[in-house]
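Student: Attaching a single structure in structure tokens format; questions to follow.
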Amino acid sequence: MSNQQQIEAEIEKIHKELKSEPENAELIHDLGVGYLLLGKLSSAIIQLKKAVRLDRTKPSYHFNLGNAYSENGQHKLAISSYLEAVEINPEHIPSLNNLADSYELTGEGEKSLELFQYLVKIAPDDAVAHFNLGNFYLRQNKHIEAVKCYEQALERDWKFTDAYYNIAWVLQQAGALEESMEYANRGLSIDPSHDELLKLKAELNP
């Protein structure tokens, strides 16, 4: 059974359970997530909005509604949902991270940077937090700051292959080809099938 078929089977099961519990917020939330995973965004939003109406106390409900809005290109509504999640739990990291992404997409770069920096402060040992801050700097063409963040990510998780790739890419762009190759090889020693690292190495060693 494929992943899609598994999700469809779970959705069918939830529909059957909802016949006896039509106001079960958890079931409705899970139904919305199922639709979201299938890319059925309108259905996902309808169900997730209903789950939130039934139970406003669950950060995950607001978070997933925000994700559905975001996937649907409704970034202002996504921001509102993520803020609801953070109001319930100020350290709900998935919501904070996606809120930062949404602020950047709506042109509010300063708010986005503040949030990415805040995530590093509240989760200093989380490699992903440092990596995401690095990605923000990279999108702003602040390559030195980006690389510092990627190095911080690697200090916390030396197997973080995407961090090796991003450093290697920045070094390649700067013309530091030997150093770029070194990072590419370090990443490939962990994941020999990493497509982007393999492509980069081929460019470095044609």
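Here is a yes/no grid of residues against (1) among the aliphatic types (A, V, I, L, M); (2) farther than 20 Å from Asn98 by Cβ; (3) crowded, with 17+ Cβ neighbours inside 10 Å:
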site	(1), (2), (3)
Gly134	no, no, yes
Asn141	no, yes, no
Ile144	yes, yes, no
Trp158	no, yes, no
Leu171	yes, yes, yes
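Student: Of the conditions (1) assigned to a loop (DSSP other than H, G, I, E, B); (2) out of contact with any helix residue (DSSP H, G or I) (no Cβ under 8 Å at 6 or more places or on another chain); (3) charged (D, E, K, R), Arg56 clears all except one; give me its number.
Tutor: Of the numbered conditions (1) assigned to a loop (DSSP other than H, G, I, E, B); (2) out of contact with any helix residue (DSSP H, G or I) (no Cβ under 8 Å at 6 or more places or on another chain); (3) charged (D, E, K, R), the odd one out for Arg56 is (2).
Student: When you go through Glu108, Glu91 one by one, which is the residue that is acidic (Asp, Glu), at pLDDT below 95 and not assigned by TED's automatic domain parsing to the domain that holds Ala129?
Tutor: After applying the criteria, what remains is Glu91.
Student: Here is a further query. Looking at Ala123, Ala100 in this structure, which one is of a type in the set (Gly, Ala, Ser) and modelled with pLDDT under 95? Steps first, please.
Tutor: Working: Ala100 fails: modelled with pLDDT under 95.
Exactly one of Ala123, Ala100 is of a type in the set (Gly, Ala, Ser) and modelled with pLDDT under 95, namely Ala123.
Here is a yes/no grid of residues against (1) over 20 Å from Leu27 (Cβ atoms); (2) surrounded by 24 or more Cβ atoms within 10 Å (Cβ to Cβ):
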| residue | (1), (2) |
| --- | --- |
| Ala68 | no, yes |
| Gly73 | yes, no |
| Lys76 | yes, no |
| Ile79 | yes, no |
| Tyr82 | yes, yes |
| Glu87 | yes, no |
| Pro94 | yes, no |
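Student: Suppose the filter is modelled with pLDDT of 95 or more, more than 27 Å from Tyr164 (Cβ to Cβ) and of a type outside the set (Lys, Arg); does Glu84 pass it?
Tutor: yes
The values are calculated or read from the model by the stated rules, or taken from the named source; none is laboratory data. Computed from a prediction, not measured in an experiment: that's the story for all the values here. All Cβ positions, even for glycine, are placed from backbone atoms using ideal geometry, and neighbour counts span all protein chains on display.
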